[in-house]
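Read through the structure below, which is laid out as structure tokens, and then see the notes.
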């Protein structure tokens, strides 16, 4: 990406808006995680089978993934601040309403509505960072925001888990949904404004189409790597509480504490990896080398820790669980940093939406497949093996399929012929 000429070495005045984006993603993931934290209670209250529970976990992703294929168009065409605000309002209302409904069908419907609202989050924050944050500060900014994906489940697992154990799951859903609305006035008060990089420094005049984005080999490499990360993340988000209770025999009081410890380890490593990555880039290291190395290191740690978790006993599983958090944090920082650089300010919203849309098929597949396997085998061995295989495929994609990490020249023709479409990704090297 062509960076601003400003010599800033950090986020400066953009730090508070980035923190607000962190809070939005944090709330986003609290709302996603609440159902899995409440699952042991809901399963008994509503007499749900493991397969039905898996369907509830997956329901969110039906609408979430579908909306991602066009929500990026809105973030590129309209004021991203209002797109994000409207989505935030919708998903907070869906969370509050979940605490009021009864029965499998209505819970399923609220998860579908939650998916519609939350689909705006990642294309919107990617658009904001691509517009206003230069490359040498983008790792740290992404680290802060992505840490919300980890601190959200930590707070949801520990705080909401303990509150549910004391007051029940329904009041917690209602309270979180209503209190979250306090974020909206702060966002509209402090949101970044102005032309950003889109008009200030990017000479490109072409607005790339969806087919232009699909013609890029790096798009498919990033998307496959993102899918692998999501498969792991959604396994942890949806099944970690039940894994800790069923496989590691933790009580409902102890489970939230161990789950929160894992997510906090994940969050801290994400922010630190972003900060270290920016330090290397400011020192003159290749953006491609720095961003790809972080992904490969993170996924390698994940693979090792998954093997260790399979072999661990009841007394030794915790260090492997924390190592999983370390690897997930390192490998999670760059998931959207790649598209912010490759797509540039004009196309980041659409690229991020399409990338996230394909990648979130993992949210449909993983919870349901895991539920079926746990129901058939009574354990988590095969689900963990599948997660490990997917992670290895993702690591290969980051290393071998994704090309150089720099802004694509969208002024170059991409669809004059099939041969041109095939050659274009090579020309961007």
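Details
- Taking first residues from region 380-403 that are at negative phi and partners that are modelled with pLDDT under 90 and in a loop (DSSP other than H, G, I, E, B), the Cβ contacts under 9 Å between residues at least 6 apart in sequence or on separate chains come to 380/247; 398/334; 403/428; 403/429.
- The residues listed here are 314, 340; of these, the one that is surrounded by fewer than 23 Cβ atoms within 10 Å (Cβ to Cβ) and touching a residue at least 24 places away in the same chain (Cβ under 8 Å) is 314.
- Restricting attention to region 393-429, the residues being modelled with pLDDT of 50 or more, in a helix (DSSP H, G or I), surrounded by 14 or more Cβ atoms within 10 Å (Cβ to Cβ) and touching a helix residue (DSSP H, G or I) at 6+ places or on another chain (Cβ under 8 Å) number 7.
- Against the criterion of being touching a helix residue (DSSP H, G or I) at 6+ places or on another chain (Cβ under 6 Å), farther than 25 Å from residue 210 by Cα and touching a residue at least 60 places away in the same chain (Cβ under 8 Å), residue 326 qualifies.
- Unmet requirement for residue 48, which otherwise passes all of (1) under 18 Å from residue 103 (Cβ atoms); (2) part of a helix (DSSP H, G or I); (3) more than 20 Å from the chain's Cα centre (by Cα): (2)
- Scan region 311-350 for residues that are under 15 Å from the mean Cα position of the chain (by Cα), over 17 Å from residue 73 (Cα atoms) and not in a helix (DSSP H, G or I) and the total you get is 3.
- Checking each residue in region 78-113 for being over 30 Å from residue 171 (Cβ atoms) and free of Cβ contacts under 8 Å to residues at least 24 places away in the same chain picks out 78, 79, 82.
The values are calculated or read from the model by the stated rules, or taken from the named source; none is laboratory data. Computed from a prediction, not measured in an experiment: that's the story for all the values here. Cβ sites come from the backbone with ideal geometry, for glycine too, and all protein chains shown count toward neighbours.
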